[in-house]
1. Can you tell which of 161, 145, 189 is assigned by TED's automatic domain parsing to the domain that holds residue 92 and touching a His at 6+ places or on another chain (Cβ under 6 Å)?
2. How about the stretch 103-126: which of its residues are assigned to a helix (DSSP H, G or I) and either surrounded by fewer than 18 Cβ atoms within 10 Å (Cβ to Cβ) or more than 15 Å from the chain's Cα centre (by Cα) (or both)?
3. Among the residues of the stretch 152-176 satisfying the criterion of being under 13 Å from residue 208 (Cβ atoms) and part of a loop (DSSP other than H, G, I, E, B), which is nearest to the chain's Cα centre (by Cα)?
4. Is there a residue in the stretch 22-31 that is of a type in the set (Ser, Thr, Tyr), assigned by TED's automatic domain parsing to the domain that holds residue 132, part of a helix (DSSP H, G or I) and out of contact with any helix residue (DSSP H, G or I) (no Cβ under 7 Å at 6 or more places or on another chain)?
5. Do you know which of the residues in the stretch 205-228 that are of a type in the set (D, E, K, R) and not in a helix (DSSP H, G or I) is surrounded by the most Cβ atoms within 10 Å (Cβ to Cβ)?
6. How many residues are of a type in the set (S, T, N, Q) and either in contact with a strand residue (DSSP E or B) (Cβ under 6 Å, 6 or more places away or on another chain) or over 18 Å from residue 87 (Cα atoms) (or both) when one looks only at the stretch 138-158?
7. Can you find a residue in the stretch 39-55 that is loosely packed, with under 14 Cβ neighbours inside 10 Å and either of a type in the set (Phe, Trp, Tyr) or in contact with a strand residue (DSSP E or B) (Cβ under 9 Å, 6 or more places away or on another chain) (or both)?
8. Any residue at all in the stretch 185-204 that is in a loop (DSSP other than H, G, I, E, B) and loosely packed, with under 15 Cβ neighbours inside 10 Å?
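The values are calculated or read from the model by the stated rules, or taken from the named source; none is laboratory data. From a predicted model like this one, the values you see are computed outputs, not experimental measurements. We place every Cβ from the backbone using ideal geometry, glycine too, and count neighbours over all the protein chains shown.
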Amino acid sequence: MLLVHADQVVPVSVLISELWEYEPPASALTTLQTYILNLRKMFVSATGLSAAEITKEVLVTRAGGYMIKSDSSVLDIREYNRLVSEGSSALGSGDDLTGTSRLTEALQLWRGPALVDVPLGRVLESKRRELEESWLTVTEYLVDAKLRLGMYREVLTELAALTTENPLHEGLQAQYMRALHLSGRRAQALEVFHRLRRNLIDELGLEPESQVQRTHQAILNSETNFDEDLLIARPIGGSLTASSWGRVRSY
C-alpha cells in the first residue's frame, strides 16, 4: 500500500480500512503502529541504515499518516511509467521503431499479474485493476506498432494467447485477424472472426463492432492495406489511452 503510493502520504484511516475493511478491531491503531515499527526494522536489515535514518529518510511519519520516500530509480513502476511515456511519445511522432523498443522494455519489467502475492483491500484492488488495464493497453499499442512495421509472424504467438485469455476483447481479436491474414493465413483469420461473433452473440447478444466487421470484409476481399480507422489511433503526447473501440462490451 505504501509502496504503490510512494512519495505520497497515506492516511492512517486508509491503511486501517485497507487492512480490516469495515470492521477494524479496537486495537487497530496500535496494531498498525506495530506493523510500521516492524517494517522499519526490515528496512534497517535490508539497507544497513540506522533506525533513525529509516524513520527520517525512508518510512516517515507525517501528519495523519505515513509515507515511503523513494528514489525514483528503485521502483519498477516508475521505470515502467517512464518507458511507457517515452514509447508513447515516439509512436505519436511516427517513430514506430523507438516506440516498439521502449514499450517492449516496459512490458519486460512485469513478472506476472500485478500485486499477485499481496492481500487486497478496496484501494489495492482498484490499483491492481489500473495496472492490469495499463498492461493491456500498452500491449495493444505495441502489437499495432509491430504490425505497422511488418512484424506479422512475430506477434502471432502472443496474440494467440491474448485472444484466448480475452475471448470478447474485439480489439485484440481484430489484431489477431490482421496478423494472420498478413501472414498468409486468411482462413484462420476468418475463423477468428466467426468464433468472436459466436461468443459475442452467445454471451452478450451483440454483433461485433463495425470496425471488426469491416476488418472481416477487408480480409474477405484479400486487402492488405487497412483503413486508418481500423487501427489504433496514434497516441497524442506521452500517455496511452484505451482504444476507442475494441474493448469488452457488456449490457
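1. From the options 161, 145, 189, the qualifying one is 189.
2. Answer for the stretch 103-126, where residues must be assigned to a helix (DSSP H, G or I) and either surrounded by fewer than 18 Cβ atoms within 10 Å (Cβ to Cβ) or more than 15 Å from the chain's Cα centre (by Cα) (or both): 104, 105, 107, 108, 122, 123, 124, 125, 126.
3. The residue in question is 169.
4. No: zero hits.
5. Restricting to residues being of a type in the set (D, E, K, R) and not in a helix (DSSP H, G or I), the top hit is 209.
6. Final tally of qualifying residues: 1.
7. There is no residue in the stretch 39-55 that is loosely packed, with under 14 Cβ neighbours inside 10 Å and either of a type in the set (Phe, Trp, Tyr) or in contact with a strand residue (DSSP E or B) (Cβ under 9 Å, 6 or more places away or on another chain) (or both).
8. No, the stretch 185-204 contains no residue that is in a loop (DSSP other than H, G, I, E, B) and loosely packed, with under 15 Cβ neighbours inside 10 Å.
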